[in-house]
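Structure, as structure tokens:
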Amino acid sequence: MSAIDGRGRIRQAASALFGERGFHDVTVREIAEAAQVSPALVIKLFGSKAELYTVASTITVPLADLDLPRERLGRALVQQILNRRDAAVVDPWETLVPRIRQSPTPEITQRELRETYLAGVARTIGDTTADRRHASAVACQLLGLAEGIRVLGYFASEDFDSDEVVEQYAAAVQLHIDRAGAGQ
């Protein structure tokens, strides 16, 4: 195996494990096992678990593939969160708080994740305000929904129809998307 191949496998394994359990609850040995390499190679290629966390915890904003008319964005954003829940897939929104709290450098991680997500949301909804107020509101709503349904069990799929949840929640999200489009 080449160093490049090993590096990619380690980064991918670390990203998945850190995303699921956070910095403190993952060991170098677990990362190495998941990447099918030795713990010594992990340290050789990345220096330390903290350095690997910094590299591996770069995440993609979960909105990038949306190319919809503005009036359908709120519904699509909410539907994505419910779809990930129903498919039992880790939701990137849900991993934000643990990533920050468990980071070896929480202030830096908070700033980087806030800016990454805020820029992605602003780009998606067309928020050109200087303070990105509408993108901030949408990001908070999506973060709250993802945390609420996963951590607290709100809108449980056995108790609520997903379409009803989307209709109810998407209206609040869409309000800020519409305001961003109006330049308010």
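The values are calculated or read from the model by the stated rules, or taken from the named source; none is laboratory data. Small disclaimer: the values here were computed from a predicted structure and weren't measured. Note that we place each Cβ from the backbone using ideal geometry, even for glycine, and neighbour counts take in every protein chain shown. Side chains are part of the model used for accessible areas, which takes the heavy atoms of the whole protein and leaves out ligands, DNA and RNA. Shrake-Rupley method; radii C 1.70, N 1.55, O 1.52, S 1.80 Å.
Work out from phi, with θ = phi - 60° and the Karplus expression 6.51 cos²θ - 1.76 cosθ + 1.60, the ³J(HN,Hα) of each residue of segment 87-104, listed in order in whole Hz, and give x for Gly and Pro.
8, 6, 9, 4, 8, x, 5, 5, 8, 4, 4, x, 4, 5, 5, 9, 5, x
Which log10 I(q)/I(0) values, to two decimals, does segment 87-184 give at q = 0.13, 0.22, 0.24 Å⁻¹ under the Debye formula with one point per Cα?
For segment 87-184, the Cα-only Debye profile gives -0.53, -1.16, -1.23.
Which net charge results when you count Lys and Arg as +1 and Asp and Glu as -1 among the other residues whose beta-carbon is under 11 Å from that of residue 46?
+3
Could you give P(r) for segment 139-181, binned at 10 Å from zero, as whole percent values over all Cα-Cα pairs?
Reading upward from the zero bin: 26, 52, 19, 3.
What is the sum of charges, Lys and Arg at +1 and Asp and Glu at -1, for the other residues whose Cβ falls under 14 Å from the Cβ of residue 24?
+1
With r as the distance between the Cβ atoms of residue 12 and residue 171 and R0 = 41 Å, compute the FRET efficiency 1/(1 + (r/R0)^6) and round to 0.05.
It comes to 0.65.
How large is Rg over Rh for the chain, taking Rg from the Cα atoms and Rh as the Kirkwood inverse mean of 1/r across Cα pairs?
A ratio of 1.03.
Using +1 at the Cβ of each Lys and Arg and -1 at the Cβ of each Asp and Glu in the chain, identify which of 78, 117, 143 lies farthest towards the dipole's positive end.
Positive-most Cα among the choices belongs to 117.
Taking the chain as a Gaussian network, Cα atoms linked when under 10 Å apart, which of 148, 19, 74 shows the biggest mean-square fluctuation?
Among 148, 19, 74, the largest mean-square fluctuation in the Gaussian network model of the chain belongs to 148.
Can you sort 44, 49 by 1.4 Å-probe accessible area, starting with the largest?
44, 49
Hey, what do the phi angles of segment 25-34 turn into as Karplus ³J(HN,Hα) couplings, whole Hz, using 6.51/-1.76/1.60 and θ = phi - 60°, x for Gly and Pro?
Using θ = phi - 60°, the values come out as 9, 10, 9, 4, 4, 5, 4, 4, 4, 5 Hz.
How big is the charge dipole of segment 93-147 about its Cα centre, in debye rounded to the nearest 20, if each Lys and Arg gets +1 on its Cβ and each Asp and Glu gets -1 on its Cβ?
Around 40 debye, computed over segment 93-147.
Using the Karplus equation 6.51 cos²θ - 1.76 cosθ + 1.60 (θ = phi - 60°), what ³J(HN,Hα) coupling, rounded to whole Hz, does each residue of segment 155-160 give in order, writing x for Gly and Pro?
Couplings: 6, 3, 4, 7, 10, 10 Hz.
Can you pull the accessible area of residue 70 for me, 1.4 Å probe, Å² to the nearest 10?
Ignoring ligands and nucleic acids, residue 70 comes out at about 80 Å².
With a Förster radius of 22 Å, plug the Cβ-Cβ distance of residue 111 and residue 44 into 1/(1 + (r/R0)^6) and report the FRET value to the nearest 0.05.
0.15
If you average the sequence gap of Cα pairs under 8 Å that are 6 or more apart and divide by the length of the chain, what percent do you get for the contact order?
Value for the chain: 25 percent.
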